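Below is one structure, written out as structure tokens; the observations come after it.
The values are calculated or read from the model by the stated rules, or taken from the named source; none is laboratory data. Keep in mind that what you see is a predicted model, and the values were worked out from it rather than measured. As a convention, Cβ positions derive from the backbone with ideal geometry for all residues, glycine included, and neighbour counts pool all protein chains shown.
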């Protein structure tokens, strides 16, 4: 995966992002691509949501009612809600640890080995394991069957997706599973119905096999909103530090900020999941783009060499909540304590996240205003 091929795939998709996507997006049909399949490029950082939005607008898609544009903002919403409600991640991790006791159960083993007797579910499990991808509609059906028909902990299904999907993203994945379970929109679970599956696939009809009258899952915790301090005052002289794949160099005004060195923290040992391996490959391509943009040669810093950063003025992105951040927390704390660290957020996040306090509707009604503020030439580069 590289930027050129991903950007070409985006441009090739644009003609289908209007009526075709509107009419076909819910269908999961054999041999027919009904969605963009850009999610892995976005999850690994090769493409940004801003670049997708910019391409859509350049193609003439400027109405927030466009379903594909709306889906891009669903990703932004999930990330914004996830970052501004931090107890969702900590609660998920704690509950997942508790639910690990189910791993040896016959029910769980039948599920992950495609041996439930529910043909559609078993085929989706096989696709997930072999190919690392499922259509979004199938992911919803899968999660609903996992939770309400197979009676398995939602956290284990969520973790299975995180381990296997080539486009896995903690925010989108966890909040989507919570939504299906009835935790994100309280008491409103998503129900997989045989008639719906039959209507939107060309081979499945699990009639009388599904629990179509489920009770939502409850949790006794309030996930309070936490505002984000979007740092505006940047140093005039600094060193660029890339940790994960989401350092948006286009948001840094290189005419007013003098970047002296370009450091890259080596995270290649973090490859627990399929998406991690993809992200490691993507990181080298992103480093090349930033090096070209800044005209600086990257200096790779291993975790054992992190003391080299002590005393430096560093400009980096605020790391996303998730497994990679957790695995680096001691190193991140050292950097924060021993250097002058400035953490920046992407413009799209700064413009959107304050609308992510509740449901998606608040963000949706502000899509046009957000995009109008976002679409400035300085925000997009090579």
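Spot the failing condition for residue 247; the list is (1) closer than 27 Å to residue 39 by Cα; (2) assigned to a strand (DSSP E or B); (3) out of contact with any helix residue (DSSP H, G or I) (no Cβ under 6 Å at 6 or more places or on another chain), and only one is missed.
So residue 247 meets the others, but not (2).
Filtering the stretch 29-47 down to residues that are within 11 Å of the chain's Cα centre (by Cα) and on the phi < 0 side of the Ramachandran plot, which residue is surrounded by the most Cβ atoms within 10 Å (Cβ to Cβ)?
Result: 44.
For residue 243, work out the one condition from (1) farther than 24 Å from residue 296 by Cβ; (2) at pLDDT 95 or above; (3) within 24 Å of the chain's Cα centre (by Cα) it doesn't fulfil.
Evaluating residue 243 over (1) farther than 24 Å from residue 296 by Cβ; (2) at pLDDT 95 or above; (3) within 24 Å of the chain's Cα centre (by Cα) leaves (1) as the failure.
So which of 306, 301 is over 28 Å from residue 76 (Cα atoms), at pLDDT 95 or above and under 27 Å from the mean Cα position of the chain (by Cα)?
301
Go through the stretch 308-317 and count every residue that is surrounded by 19 or more Cβ atoms within 10 Å (Cβ to Cβ) and either out of contact with any strand residue (DSSP E or B) (no Cβ under 6 Å at 6 or more places or on another chain) or within 28 Å of residue 88 (Cβ to Cβ) (or both).
3
Taking the residues in the stretch 285-306 that are farther than 19 Å from residue 253 by Cα and free of Cβ contacts under 8 Å to residues at least 12 places away in the same chain as candidates, determine which candidate is surrounded by the most Cβ atoms within 10 Å (Cβ to Cβ).
It comes out as 305.
Limited to the stretch 268-293, what total is found for residues that are under 20 Å from residue 312 (Cα atoms) and modelled with pLDDT under 95?
Counting residues in the stretch 268-293 that are under 20 Å from residue 312 (Cα atoms) and modelled with pLDDT under 95 gives 0.
Checking the conditions here, which among 64, 138 is within 30 Å of residue 13 (Cβ to Cβ), touching a residue at least 60 places away in the same chain (Cβ under 8 Å) and surrounded by 20 or more Cβ atoms within 10 Å (Cβ to Cβ)?
138
Would it be correct to say that residue 50 is buried (at least 19 other Cβ atoms within 10 Å of the Cβ), assigned to a loop (DSSP other than H, G, I, E, B) and in contact with a helix residue (DSSP H, G or I) (Cβ under 6 Å, 6 or more places away or on another chain)?
Against the criterion (buried (at least 19 other Cβ atoms within 10 Å of the Cβ), assigned to a loop (DSSP other than H, G, I, E, B) and in contact with a helix residue (DSSP H, G or I) (Cβ under 6 Å, 6 or more places away or on another chain)), residue 50 does not qualify.
Out of the residues in the stretch 270-284 that are outside any helix (DSSP H, G or I) and in contact (Cβ under 8 Å) with a residue 12 or more places away in the chain, state the one that is farthest from residue 160 (Cα to Cα).
Looking at residues that are outside any helix (DSSP H, G or I) and in contact (Cβ under 8 Å) with a residue 12 or more places away in the chain, I get 270.
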